[in-house]
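The values are calculated or read from the model by the stated rules, or taken from the named source; none is laboratory data. None of these values were measured; they are calculated from a predicted model. Cβ: placed from backbone, ideal geometry, glycine included. Neighbour counts: every protein chain shown.
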């Protein structure tokens, strides 16, 4: 298997979200300028080296946030509801565009890289290389 190229993976996840019509714009890094309806891919929070013999398979889990808006606005709630209801669309967009990736779960949380109380739906993408 190939060595994990973090930048390439992050860009591929962002491109898959745009190509799959999940968002209009996606950043392949944790951008501070993300607006409502846009996405950002974060650095992997964990990984495993050599899951199989030697360095035969490495894994890393990349967080992906789709920003829904300011926490206290009703339209933010509506966007969160839409994303949760269509979570399989996000999963399908990413998994169809990439090999050896699993979008395993989602959760609602603050987007951590902006000032202010922006709410996002976070998806975790486990990538095998």
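Overview of values
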| item | result |
| --- | --- |
| Residue check for residue 78: modelled with pLDDT of 90 or more and exposed (fewer than 13 other Cβ atoms within 10 Å of the Cβ) | yes |
| Some residue of the stretch 82-100 being surrounded by 13 or more Cβ atoms within 10 Å (Cβ to Cβ), farther than 19 Å from residue 37 by Cβ, touching a helix residue (DSSP H, G or I) at 6+ places or on another chain (Cβ under 6 Å) and touching a residue at least 40 places away in the same chain (Cβ under 8 Å) | yes |
| Residue ID - modelled with the highest pLDDT, chosen from residues in the stretch 84-110 that are within 17 Å of residue 22 (Cα to Cα) and assigned to a loop (DSSP other than H, G, I, E, B) | 98 |
| Meets criteria (surrounded by 17 or more Cβ atoms within 10 Å (Cβ to Cβ), in contact with a strand residue (DSSP E or B) (Cβ under 7 Å, 6 or more places away or on another chain) and over 23 Å from residue 16 (Cβ atoms)) for residue 119 | no |
| Residue match in the stretch 111-118 (condition: in a strand (DSSP E or B), touching a residue at least 12 places away in the same chain (Cβ under 8 Å) and within 22 Å of residue 31 (Cα to Cα)) | yes |
